[in-house]
Amino acid sequence: AKLPGKGYIPEFRAVAEEAKGMDTAARAWMWVLRLADDDPKQAWEVVELLLSEHMQSPALDELSGELRYASYTHGEARVIEALRSIVSESPHERVRAGALFTLGAVLLESDKAKNKEEGRDCFEAVIAEYGKLSYGSSSTYEAAATGYLYELDHLQIGMPAPDFQSIDENGVNWKLSDYKGKVVVVDFWGNW
């Protein structure tokens, strides 16, 4: 009924050891990684094991997603290095696409200007090399990467906000440009 708990870590480790060298082992290690999220040392050991022993596995397509926000616990440099390894060494197009996309996102969140430039390069490469591959359940890598590039080019602090129009709570049409020169707070939200 729900995801397995931390009590399953030994069982997933046992499956990984028994299936050593197979995709089943890589998938079992991915479960150890997910379940060990509150133990950064154990989690990073699993990442290193996946990179060293399972780089040829298509199961590594899941690792990029797990690394997306790992900079906060494992350090930006480690995560960037791991993603670069996947991009350069995986024989699987989908694995490389996910790693390059995630690398771009991690680099864009960096405080370093050099990393932001490389992040842009990553997204441009994603569009050029993997754009037609599906991303998620209803998109492509091209559409997802284009969104990041749009944000980079048009939605940064100090840039004028792009104009748009909407309808307020009273059914009245309005455009953002109607309020030019005034302080405006726009609250976008969703319920998933």
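Distance from a point 7 Å along Cα→Cβ of GLU151 to each backbone N in the range 168-192: keep the residues under 18 Å and list them by number.
186-192
Net charge near ALA25: determine it from the other residues with C-beta under 12 Å of the C-beta of ALA25, scoring Lys and Arg +1 and Asp and Glu -1.
Values: positive: ARG13, LYS20, ARG27; negative: GLU17, GLU18, ASP23, GLU53.
Overall, the nearby charge balance is -1.
Take the alpha carbon atoms of the range 65-142, find their radius of gyration, then divide it by 2.2 N^0.38 Å using N residues; give the quotient.
1.04
In terms of modelled amide H atoms, which long-range or inter-chain residues lie less than 5 Å from the amide H of TYR135?
THR140, TYR141
Using a cut-off of 15 Å between beta-carbons, work out the net charge of the residues near SER166 (Lys and Arg +1, Asp and Glu -1, SER166 not included).
Charge balance near SER166 sits at -4.
Please work out the FRET efficiency for the pair SER166 and ARG84, using the Cβ-Cβ distance as r and a Förster radius of 41 Å; give the result to the nearest 0.05.
Working: r = 41 Å, r/R0 = 1.01.
For SER166 and ARG84, the calculated efficiency is 0.50.
Under a 1.4 angstrom probe, counting protein chains only, how are ILE167, ILE157, ILE80 ranked by accessible area, largest first? It would help to have the intermediate numbers written out before the result.
On the way: ILE167 105, ILE157 180, ILE80 10 Å².
Accessible-area ranking of ILE167, ILE157, ILE80, largest first: ILE157, ILE167, ILE80.
May I ask for the percentage of alpha-carbon pairs in the range 123-192 that lie more than 13 Å from each other?
Considering the range 123-192, 75 percent of its Cα-Cα pairs are separated by more than 13 Å.
For ALA14 and SER134, calculate 0.36 nm times their separation in residues minus their Cα-Cα distance, and state this gained length in nm to one decimal.
Full extension of this stretch gives 39.9 nm more.
For the range 54-192, what D do you get in µm² per second when you plug the Kirkwood radius from alpha-carbon pairs into Stokes-Einstein at 25 °C and 0.890 mPa s?
144 µm²/s
First select every other residue whose beta carbon is under 14 angstrom from the beta carbon of GLY119; then total the charges, Lys and Arg +1, Asp and Glu -1.
My count for the surroundings of GLY119 gives -3.
Short version: ³J(HN,Hα) in whole Hz for each residue of the range 78-94, in order, from phi by Karplus 6.51 cos²θ - 1.76 cosθ + 1.60 (θ = phi - 60°), x for Gly and Pro, what are they?
Result, ordered by residue: 4, 5, 4, 4, 4, 5, 4, 4, 4, 4, 8, 10, 6, x, 9, 4, 5 Hz.
What full-extension length gain, to one decimal in nm, is calculated for LYS175 and ARG94 as 0.36 nm per residue of separation minus the Cα-Cα distance?
Contour length minus the Cα-Cα distance gives 25.1 nm.
Roughly speaking, to the nearest percent, how much of the range 50-143's 1.4 Å accessible area is carbon and sulfur?
Working: 2220 of 4640 Å².
Of all accessible area on the range 50-143, carbon and sulfur atoms account for 48 percent.
The values are calculated or read from the model by the stated rules, or taken from the named source; none is laboratory data. A quick note: this is a predicted structure, and the numbers were derived from the prediction, not measured. Because the Cβ atoms are built from the backbone with ideal geometry, glycine has one as well, and the counts that use them run over all protein chains shown. Areas reflect the complete protein model, heavy atoms only, side chains present, ligands, DNA and RNA absent. Shrake-Rupley method; radii C 1.70, N 1.55, O 1.52, S 1.80 Å.
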